[in-house]
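Data first, discussion second: the structure below is written as structure tokens.
What follows is calculated from the coordinates using simple rules that are stated; it is not laboratory data. All of these numbers come straight from a predicted model, not from anything done at the bench. Using ideal geometry, Cβ is built from the backbone for each residue, glycine included, and neighbour counts are taken over all protein chains shown.
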Amino acid sequence: MKNKKGFTLVELVIVITIVGIVSVIIGSMLLGVVKAWTFKINRNDILWDGRLAMDRMTREIRTIKNSTSVTTASAAQFRFTDAGNKDITYSLSSTNLNRTENGTANLLAENVSSLAFTYYDANGNTIATPIVSPSATNIRRVRINLTLTKNGQNVYLQSDASTKNF
């Protein structure tokens, strides 16, 4: 009787095949986890940027100085003077949401695909053509719709800001 030490070729082929199949399954799972993680990171980035921009705009709109302080109120741009006498404009330039203070533009958020302002009067009715300075404005509430897009992912944000000082 011979003492056999080692593996046959068939046994080696079977083991290599099983290890290969397990490796492909684990690799596919890891790839899926990496893709999901990347998706989540990108989404969180644009969501965070959008929330910060939205928070700043609503906070500052609430501080409009008085009823004659709104100088531009269109669907794409909103300009006013706040309680601290700062001339503030929000507008979209390409994919950048800009906040201009006293003539100096600063980036508020990037990857913005749309920005829309809607204006409401004291009764909650939509104002098609708001009255602006030098006359007293009829705007009492501003709705901001903001869409951010990055790597094919869209985030839609909406917020309302009511004027406090008039």
**Prompt:** How many of the residues making up region 91-112 are farther than 13 Å from R79 by Cβ, in a strand (DSSP E or B) and β-branched (V, I, T)?
**Reply:** 2
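Limited to region 133-155, what total is found for residues that are exposed (fewer than 14 other Cβ atoms within 10 Å of the Cβ) and on the phi < 0 side of the Ramachandran plot? Walk me through how you get there before you give the answer.
Kept after step one, since they are exposed (fewer than 14 other Cβ atoms within 10 Å of the Cβ), are these residues of region 133-155: 134-135, 151-152, 154.
Narrowing further to those that are on the phi < 0 side of the Ramachandran plot: 134-135, 154.
Looking only at that region, the number is 3.
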**Request:** Quickly run through region 114-143 and pick out the residues that are out of contact with any helix residue (DSSP H, G or I) (no Cβ under 6 Å at 6 or more places or on another chain) and part of a strand (DSSP E or B).
**Result:** S114, L115, A116, F117, T118, Y119, Y120, T126, I127, R141, R143
**Request:** List every residue pair whose Cβ atoms lie under 6 Å apart, where the two residues are 6 or more positions apart in sequence or sit on different chains, the first residue falls within region 17-37 and is closer than 27 Å to Q153 by Cβ, and the second residue, located anywhere, is loosely packed, with under 10 Cβ neighbours inside 10 Å and hydrophobic (A, V, I, L, M, F, W, C).
**Result:** none
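Which one is surrounded by the fewest Cβ atoms within 10 Å (Cβ to Cβ), of the residues in region 79-118 that are of a type in the set (A, V, I, L, M) and touching a Ser or Thr at 6+ places or on another chain (Cβ under 6 Å)?
Result: A83.
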